[in-house]
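Worksheet for the structure shown next.
The values are calculated or read from the model by the stated rules, or taken from the named source; none is laboratory data. Since the model is a prediction, treat every value here as computed from it, not as a measurement. Cβ atoms come from the backbone with ideal geometry, glycine included; neighbour counts cover every protein chain shown. These area figures cover heavy atoms from the full protein model, side chains too; ligands, DNA and RNA do not enter into them. Shrake-Rupley method; radii C 1.70, N 1.55, O 1.52, S 1.80 Å.
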Amino acid sequence: MIKNITRKFSSCQLTENQVTDETVYLKRRQVLKQLGFAGASALLANNAQADWFSKEEVTPFTTQLLSAKNTITTDDILTPEAKVISHNNFYEFGTSKNDPIENAQQFKVNPWQLTISGEVDKPITLDYDDLYKAFPLEERIYRLRCVEAWSMVVPWIGFPLADLIKKAQPNSKAKYVAFETLYDPEQMPGQSSRRIGGGIDYPYLEGLRIDEAMNPLTLLSVGLYGKTLPAQNGAPIRLVVPWKYGFKSIKSIVAIKLMEKMPPTTWNILAPREYGFYANVNPQVDHPRWSQASERRITSGGLFARNRIETLPFNGYGEEVAHLYKNMDLRKNY
Amino acid sequence: MSAKVNNNRIVFSLKVAIHVISLFLLSNLYFQAVSDNLGADPVEAVLHFTGIGAFNLLILSLIISPLAQHFKWAFLLKIRRLLGLYSFTYALCHLLSFLAFEVQFDWSLFISEIIERPYITVGMLAVVILLLLTITSLSLIKKKMGRNWQQLHNWVYLALCLVALHFYWSVKSEIIEPSIYIAISLLLIYLRKNKITRWFK
């Protein structure tokens, strides 16, 4: 079966990079399957059955090289690319961490349209090519802290959200920024099936306060590891807010809207006691069901990797962003 | 004569199969996890697999009695204990993996998580029950306990409920799979309703 898959992939034209990643990933996937009995969901999952029985050729999602000048770096060890692209919370493509890389391969990102509208004087629409050309691209290495208490270090490529918002000329009523992920149940199995999609309502919505959105750290990312974004990481364009829990960093964005009122956000709607609007990384405020005081940093290394580290306030970006919240009770505004 | 010999053979083969499958899956899991072949986060993979494995084995052990009763396959009862023991083994691996690989021997975090997080508290209680059942499963102890043994082992249904709750409370939003497990658990309890109502009389 491994042979089979290798053949499947070698028949397509790919860069060496991609082939390595996919085969490493698929080998792991294979091992997981060989382990045999998964849960009841595996018995039900028709896409899992398709893995076993279908002979359909799947054209893998392709990424292109992207050059950008590095502007922000860190001493932290990078999470290997193979892990960054195979461990994703993107429920539109399934709730297991390794579902998105499997289910998003045929995701179509070109053509794409991203609109910036609402309380702005000059609404903007960016097409697929504009995403890479409208603003100078930078490479920034950021820590990414998931609300589930694991973290990664990722070399993103993108441009500051502030650049885009400024260009649209927000008016005085623009107090918040709302973001929306593509809604396309035909391409995103999680949106057509509550079982695959984890029972959340789509499209996925996120939001920031305008000063958070304009902070220089807030990035719209179009790539990682020197290439355009893989589908499972939120291609073609996603938000990266490094001082907030990962669920704020919404993927595959089609709409950005400046608003006067605080917009609704997906996880907050689903479980307001567990996920707030702000969702700043905060070791002092636990998730009701687990501690946020420390995290497991995912790098290379297997089961014995000693990777539990202390979680820092604002994920270590306090110097840049703490002033945004100086008169706020962050226990209430979690 | 031949029927009995046959049944003994079936029991023997089933026991061999339970040993081989359970041990192979468990050792393969840890081997792959140590060599970083279980996806990006081997810790999550190990915790999920041992947890679901323990639950599956517990369900299998509890489906034996209704099956044996319905089909008059008394010999099946001979594999019930082994399934229960492996359920405990998987549950213990689940707990120890949480301690060793998730919280990485941060004992104060380990203890505060058990106390403060309801889903971990109920999971821990289930492991304690399974531990008691495992210790008292020795024939010698069973004989000494007399009638008390059955009373203690009825607690397995409480453990089943706690495990189902542990799973349901542990997920973020994907409640369908744990709901299926809750339904299976309730069905198992329903199948033993005559026995269970007798305890309360």
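Table: residues versus (1) within 28 Å of A:T228 (Cβ to Cβ); (2) surrounded by fewer than 19 Cβ atoms within 10 Å (Cβ to Cβ).
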residue	(1), (2)
A:V241	yes, no
A:G246	yes, no
A:S249	yes, no
A:L258	yes, no
A:N280	no, no
A:S300	yes, yes
A:E310	no, yes
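Since B:L47 meets every condition but one in (1) within 9 Å of chain A (Cβ to nearest Cβ); (2) touching a residue at least 12 places away in the same chain (Cβ under 8 Å), which condition does it not meet?
(1)
Listed residues B:S35, B:S22, B:S27, B:S13; which is among the hydroxyl-bearing types (S, T, Y) and touching a residue at least 40 places away in the same chain (Cβ under 8 Å)?
From the options B:S35, B:S22, B:S27, B:S13, the qualifying one is B:S22.
How many residues does region B:35-60 contain that are part of a helix (DSSP H, G or I) and either surrounded by fewer than 23 Cβ atoms within 10 Å (Cβ to Cβ) or β-branched (V, I, T) (or both)?
Final tally of qualifying residues: 10.
Can you find even one residue in region A:149-167 that is surrounded by 21 or more Cβ atoms within 10 Å (Cβ to Cβ), more than 24 Å from A:L324 (Cα to Cα) and more than 14 Å from chain B (Cβ to nearest Cβ)?
yes
With respect to A:D329, determine if the residue is acidic (D, E) and within 14 Å of another protein chain (Cβ to nearest Cβ).
Answer is no for this residue.
So, in region A:212-237, exactly how many residues are open to solvent by less than 10 Å² (accessible area, probe 1.4 Å), under 13 Å from A:F90 (Cα atoms) and either touching a Leu at 6+ places or on another chain (Cβ under 8 Å) or part of a loop (DSSP other than H, G, I, E, B) (or both)?
Number satisfying all stated conditions: 3.
Considering each of A:R145, A:R209, A:R194 in turn, give the residue that is of a type in the set (K, R), at pLDDT 95 or above and either out of contact with any Ser or Thr (no Cβ under 9 Å at 6 or more places or on another chain) or open to solvent by 10 Å² or more (accessible area, probe 1.4 Å) (or both).
Going through A:R145, A:R209, A:R194 in turn, the sole match is A:R209.
Do you know which residues across region A:89-131 are in contact with a Gly (Cβ under 8 Å, 6 or more places away or on another chain), open to solvent by 20 Å² or more (accessible area, probe 1.4 Å) and closer than 27 Å to A:Y176 by Cβ?
Hit for region A:89-131 is A:N89, nothing else.
Answer with yes or no whether B:Y30 is under 15 Å from the mean Cα position of the chain (by Cα), within 14 Å of chain A (Cβ to nearest Cβ) and either of a type outside the set (A, V, I, L, M, F, W, C) or farther than 19 Å from B:V163 by Cα (or both).
no
Do the conditions hold for B:L85, that is, is it more than 13 Å from chain A (Cβ to nearest Cβ), modelled with pLDDT of 95 or more and surrounded by fewer than 17 Cβ atoms within 10 Å (Cβ to Cβ)?
In short, no.
Give me the residue from region A:273-314 that is away from chain B (no Cβ under 14 Å) and not in a loop (DSSP other than H, G, I, E, B) and, out of that set, nearest to B:L109 (Cα to Cα).
Among residues in region A:273-314 that are away from chain B (no Cβ under 14 Å) and not in a loop (DSSP other than H, G, I, E, B), the one nearest to B:L109 (Cα to Cα) is A:P313.
Out of all the residues in region B:62-115, which are outside any helix (DSSP H, G or I) and aromatic (F, W, Y)?
Correct list: B:W73, B:F105.
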